[in-house]
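Novice: The structure is given below, and queries will be raised subsequently.
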C-alpha cells in the first residue's frame, strides 16, 4: 500500500479514480503522500475452486485493468474452510452459492453495492428472483437467489427479495448430470436410477464430496422410486438414513469401482475405462473427449442437479483495493470472461454481453443448442465437436429450465456429514 | 559450589533440546487435547469443556470398524515388510562378502526414495487398473480370461502400496544391527554343530531384535498415521483413522478431528508400549 510509483501523464478514467483513491489514502495515512499509487501495484488475491480460477483470466485482467490478480485453486471443502477461517488470506472469494450459505454468517465477506454493478439489470433471473422465465418453477435446494441478497450491510442473515446488497456476484453456473461412456455401455441411458443398475456393477462411481454427493444420491433414489423427498436440498434425518441405506447396500454389493474427490480423478476413472457411469462435471467430460475417448454428458429425464458460483469480497477489503475489486467485477460481467467460460461449456451470468465475444457458430452451439456449423474448439484450442453435432442437453433454456435441484447445505448438515463418513467406511 | 555449577551446566546443556521439544512436540499435542473438548458449529469452533466429541466417537460403530481396519493394515503390512526386510538385510549382511558391494547394494535399495512418496504410490494405479499392464500381461499369457478387478481399489492395492513404500524402513535398522553381530559368534555356532537354520533362529534372530523393533515402530506408526495411501489406492472406498481425521478437517470439524487424533495417538502409544515390553531397545543398542 505504501509503494510510491511514478506519476503517469494524461488523464484516463482510471488515473482520475486513482487520484481520488490517493487523496483518501493521503488523508488516512499519517505520512504525506504526494504521488498517486499506480494501479499496477494493486494485487488482489482470489481463491476458489479450479473451475473458474483460470490463469487466462488473470492475464487478461492485467492487460485490461492493469492490476494483478493472484489465483489459488482449491477443492470445495478447502475453499469453505479458508473462507470461514482465514478472512485475511484473500481479497476475493470465488465460491459456490451453497458455500456462501455456510460462510456468510461468519461475517468474513462484505456485501456489494448493487448500484455500482453496471450490468446488474442484465444478470439472468435465476440469480435475482430465482426464475429463469417469469413462469418457471424454482427448483429444490439452495437456489442462488435465496442466499444472493442481504437486507443491509453487515447483516448475517439473507433477504427474501432483491435488495441493494448482494452477497455474491454470479460468475458461472451449470446443470450437472451423469457422465457415461457410450461405447462401453452400448444402449441409451435415460434415468438417474441407472447409476445403481447391477449391470454396471464395479463400473460406477460417485463423488466423495458429501454436500454434492448426497444430492446425486437423492436424484438416484427418487428416480428409482424408493424415496419421495419433501425437499432434496433439505432432507430430514429419516430421508438421509434411507438414502444412505440404499447406497451402503449398493457399495457392499460392489457397485462402485471408486469414489472421486478431484476433477482429475474423475477424468482418469472415465478415460481409463475403470468406470462407465458416474457423477461428473462438464469440463471433465471435455477433458475425456479431448483425449479422443467418447464421453457423453447424458441428459436424464428427472432433470439436472445445478450449481452456481460467484465472487464475494473479503470484509477486510477497503479503499483503492475495494475500488479495484468493483472494477474487476464490472469487467467480469462485461463479456470477455463470459465468452471464455461459455466456450468451456458453462454459462455466464450475463449471456447478453458474452455473445459479443463468441462467434455465431459458438453462440449457436453452446447457448442456443443448434447444430454446429463448423468445428467447435475449447478456449485452449482442443477440438470438442465437429460441424453438425449438437450439445448434450440442448439449449440454455432446455438445460437450465429442467433443473431439479441446486447444490445445497441442509439444516441437518452435520448429521448428514457423519452419515457420509459412515458410508465411506462401510 | 562446584557441584552446583555442574548441576546448572547440565540443565543449560539440556535446555535447547528441551525447549525445542516443548515448543514443537508438547505444546501442539496439548493444544490438540484441549481442542478435542471444544464444540463446533458448521463454520466455527468455540471453546468449551464437553465430552460430545468423545461420546460420538466411542458411541459410533464406525469408529471401531475403522480402528480395526487401521490395525489390520498395520499388522499385515508389518508382517510382510518384516519378512521381506529381514530377508533383504540377511542377504546383504551375510551373503554379500565385500564391504564395497554391501554398500553399493544397500544404496540400490534406496533408489526408489529419489522420487516422491506420492508418485511411487500413484504409479501403481495405471499398472493395476482394469486395462492396466498387469491385467493385459496376464491375459496375453493366458493365465486369466477376464481382467482381475481386485488388483486396484481394494485392500490388496492398499497393502501392496504400503509394503512398497515402507519396506526400506525395515531393511535399514535390521541391516544395521546385523552388521554389528560379531562374526565369531556365527563361527562358534557352526563349530558347535548348529545347522544354518539353528544359527538363524538361536543366534541371529535374538541379536537382531532391536533392529526389528525399531523397524516395527517405524512401519506401524507410518501405516497407522497414513491417510493418503488409503484414499488413493482404495479409490476412497476404504477408510482408516487418518481418513476420518482428514474428512473432519475438510468439513471444519476440528474438535472432532482432534478427539480422533487423541484416541489414535493413545492407540499408537499403547501399541509401542507393548512392543517395548518385548525388547529393551536402549539396553541393546
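Read-outs: derived from the displayed coordinates by stated rules, not from any lab. Keep in mind the model is a prediction, meaning the values are calculated, not measured. Cβ coordinates were reconstructed from backbone atoms using ideal geometry, including for glycine residues, and neighbour counts include every protein chain displayed.
Novice: With an 8 Å cut-off on Cα pairs and a minimum separation of 6 or more residues, tell me the relative contact order of chain A in percent.
Specialist: After rounding, I find 20 percent.
Novice: Classify the protein assembly as shown as rounded, prolate or oblate from the Cα gyration tensor: take a ≥ b ≥ c as the square roots of its eigenvalues, call it rounded if a/c is under 1.5, otherwise prolate when a/b beats b/c and oblate if not.
Specialist: prolate
Novice: Run lengths n ≥ 4 of DSSP H only: what is the helix-derived mean residue ellipticity at 222 nm for chain B, with -39500 (n - 2.57) per run over all residues, to the nearest 500?
Specialist: The helix-only estimate for chain B comes to -22500 deg cm²/dmol at 222 nm.
Novice: Can you give me the Cα centroid spacing of segment A:175-247 and segment A:76-137 in angstrom?
Specialist: 27
Novice: Taking the number of other C-beta atoms within 10 Å as the exposure measure, put B:179, A:320, A:217 in order starting with the fewest.
Specialist: B:179, A:320, A:217
Novice: Turning to a different aspect of this structure: So how far, in whole Å, is the C-alpha centre of segment B:108-165 from the one of segment A:295-334?
Specialist: 41
Novice: What is the helix-to-structure angle for A:55-64, meaning the angle in degrees between its Cα long axis and the longest Cα principal axis of chain A, kept from 0 to 90 and rounded to the nearest 10?
Specialist: Long axis of A:55-64 versus the principal axis of chain A: about 30 degrees.
Novice: Same structure again: Over segment B:1-108, what is the mean sequence separation of C-alpha contacts under 8 Å (at least six apart), divided by residue count, expressed as relative contact order in percent?
Specialist: RCO, segment B:1-108: 10 percent.
Novice: For chain B, modelled as a GNM with alpha-carbon contacts under 10 angstrom, which of B:93, B:14, B:188 fluctuates the most?
Specialist: Among B:93, B:14, B:188, the largest mean-square fluctuation in the Gaussian network model of chain B belongs to B:14.
Novice: In a GNM of chain B with a 10 Å cut-off on Cα contacts, which of B:105, B:205, B:57 has the highest mean-square fluctuation?
Specialist: Looking only at B:105, B:205, B:57, the largest GNM fluctuation is found for B:105.
Novice: Return the single residue from B:100, B:221, B:87 with maximal mean-square fluctuation; model: Gaussian network over chain B, springs between Cα atoms under 10 Å.
Specialist: Top of the fluctuation ranking is B:100.
Novice: Moving on to the next point. Just to be sure I understand: of the beta bridges DSSP finds with both ends in the protein assembly as shown, what percent are antiparallel, rounded to 5? Can you show the working numbers first?
Specialist: On the way: 28 of 49 bridges.
Once the DSSP bridges in the protein assembly as shown are tallied, antiparallel ones form about 55 percent.
Novice: Antiparallel as a % of all DSSP beta bridges within chain A, to the nearest 5?
Specialist: DSSP beta bridges in chain A are roughly 55 percent antiparallel.
Novice: Rounded, prolate or oblate: which fits segment A:199-327 when a ≥ b ≥ c are the square roots of the eigenvalues of the alpha-carbon gyration tensor, with rounded for a/c under 1.5 and prolate only if a/b beats b/c?
Specialist: Working: a/c = 2.44, a/b = 1.39, b/c = 1.75.
Oblate, since a/c reaches 1.5 and b/c is not below a/b.
Novice: Related question: Helix A:76-85 against the longest principal axis of chain A: what's the angle in degrees, Cα atoms only, rounded to the nearest 10?
Specialist: Computed tilt is about 40 degrees.
Novice: Order of B:31-39, A:340-348 by packing, highest average Cβ count within 10 Å first?
Specialist: Order by mean packing, descending: A:340-348, B:31-39.
Novice: To continue, here is another question. From the square roots a ≥ b ≥ c of the eigenvalues of the alpha-carbon gyration tensor of chain B, which class results: rounded (a/c under 1.5), prolate (a/b over b/c), or oblate? Before the final figure, lay out each step's value.
Specialist: Values: a/c = 2.23, a/b = 1.11, b/c = 2.02.
Taking the square roots of the gyration eigenvalues as a ≥ b ≥ c, chain B is oblate.
Novice: Could you let me know the centre-to-centre spacing of segment B:175-211 and segment B:232-285, using Cα atoms, in angstrom?
Specialist: When both Cα centres are located, 35 Å separates them.
Novice: How shielded is B:61-72 by partner chains, expressed as the average number of their Cβ atoms within 10 Å of its Cβ atoms?
Specialist: 2
Novice: Right, here's the next one. Just need the relative contact order of chain B here, percent rounded to a whole number, with Cα pairs under 8 Å and 6+ apart.
Specialist: 27
Novice: How many partner chain Cβ atoms sit within 10 Å of a residue's Cβ in peptide B:244-251, on average, as a whole number?
Specialist: Per residue, the number of nearby Cβ atoms from other chains is 5 on average.
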